[in-house]
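Presented below is the structure to which this report refers.
The values are calculated or read from the model by the stated rules, or taken from the named source; none is laboratory data. Predicted model only: the values in this text are computed from it and were never measured. Methodologically, a virtual Cβ is constructed for each residue, glycine included, from the backbone with ideal geometry; neighbour enumeration extends over all protein chains shown.
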Ligand SMILES: [Zn+2]
Ligand SMILES: [Zn+2]
């Protein structure tokens, strides 16, 4: 039993029903994201960037599962500020159900990469929830996970910044991990896709370091 559960009996973050942090009724009420090209935002097959929209150092695909609304919004905010492993388990489980139901395919030799948090912020909250969730999902998908990205600068949190400010703020924040070899296809995992500046910056770093293709994979958009 987790510490938090001793104080707070598990209740659905959406409707308050006891038992789970995210109940099935609430998760099914959340809208699915359409597959679109991350560059032009028009529909695309499986979220692949259109050939004409591809950039040498850009993202080649974006898979976002849910719309950033309702219970998934509450759940993402909760995992940012609280330590609750079972909430991560529930999200990973629901996410995998969508991946299986819709046959969302990731190449077997691709490798998942969590977006690194700066150690200062990571320590203050006690753990890197994004890394933990990425780990759970990579295990469920049968994919490797490799921390090929590291974070150099603290930067100010992206929350509250708009489009251009976000891309300026994130520039130079990541570097390829000098202890790792970078090659093949990488799947960058993050909780929410907002303007895409974080994933785009991370993709460009990985491509400069030798990645052949870089996909983005987010819980919500
Ligand atoms: Zn509910
Ligand atoms: Zn396009």
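Tabulated results
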{"item": "Among (1) surrounded by fewer than 17 Cβ atoms within 10 Å (Cβ to Cβ); (2) assigned to a loop (DSSP other than H, G, I, E, B) - the single one residue 116 does not satisfy", "result": "(1)"}
{"item": "Residue within region 98-105 that is without any contact (Cβ under 8 Å) to a residue 60 or more places away in the chain, within 15 Å of the chain's Cα centre (by Cα), more than 16 Å from ligand 1 (Cβ to nearest atom) and surrounded by 13 or more Cβ atoms within 10 Å (Cβ to Cβ) present", "result": "yes"}
{"item": "Candidate set: region 24-35, residues that are out of contact with any strand residue (DSSP E or B) (no Cβ under 6 Å at 6 or more places or on another chain) and either farther than 21 Å from residue 89 by Cα or in contact (Cβ under 8 Å) with a residue 40 or more places away in the chain (or both); chosen: the one surrounded by the most Cβ atoms within 10 Å (Cβ to Cβ)", "result": "27"}
{"item": "Meets criteria (surrounded by 15 or more Cβ atoms within 10 Å (Cβ to Cβ) and within 16 Å of ligand 1 (Cβ to nearest atom)) for residue 15", "result": "no"}
{"item": "Selected residue (criterion: farthest from residue 59 (Cα to Cα)) from residues of region 169-220 that are part of a helix (DSSP H, G or I) and in contact with a helix residue (DSSP H, G or I) (Cβ under 6 Å, 6 or more places away or on another chain)", "result": "170"}
{"item": "Every residue from region 67-103 that is out of contact with any strand residue (DSSP E or B) (no Cβ under 7 Å at 6 or more places or on another chain) and outside any helix (DSSP H, G or I)", "result": "69, 82, 83, 84, 102, 103"}
{"item": "In region 48-68, residue surrounded by the most Cβ atoms within 10 Å (Cβ to Cβ) [restricted to those that are over 19 Å from residue 106 (Cα atoms) and in contact (Cβ under 8 Å) with a residue 60 or more places away in the chain]", "result": "68"}
{"item": "Residue within region 160-169 that is free of Cβ contacts under 8 Å to residues at least 24 places away in the same chain and at positive phi present", "result": "yes"}
{"item": "Complete set of residues in region 25-62 that are outside any loop (DSSP other than H, G, I, E, B) and more than 15 Å from ligand 2 (Cβ to nearest atom)", "result": "25, 26, 27, 28, 32"}
{"item": "Sole residue being more than 16 Å from the chain's Cα centre (by Cα) and at pLDDT below 95, chosen from 70, 82", "result": "82"}
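Each row is one residue, and each column tells you yes or no for (1) over 20 Å from residue 133 (Cα atoms); (2) modelled with pLDDT of 85 or more.
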| site | (1), (2) |
| --- | --- |
| 149 | no, yes |
| 161 | yes, no |
| 168 | yes, no |
| 180 | yes, yes |
| 194 | no, yes |
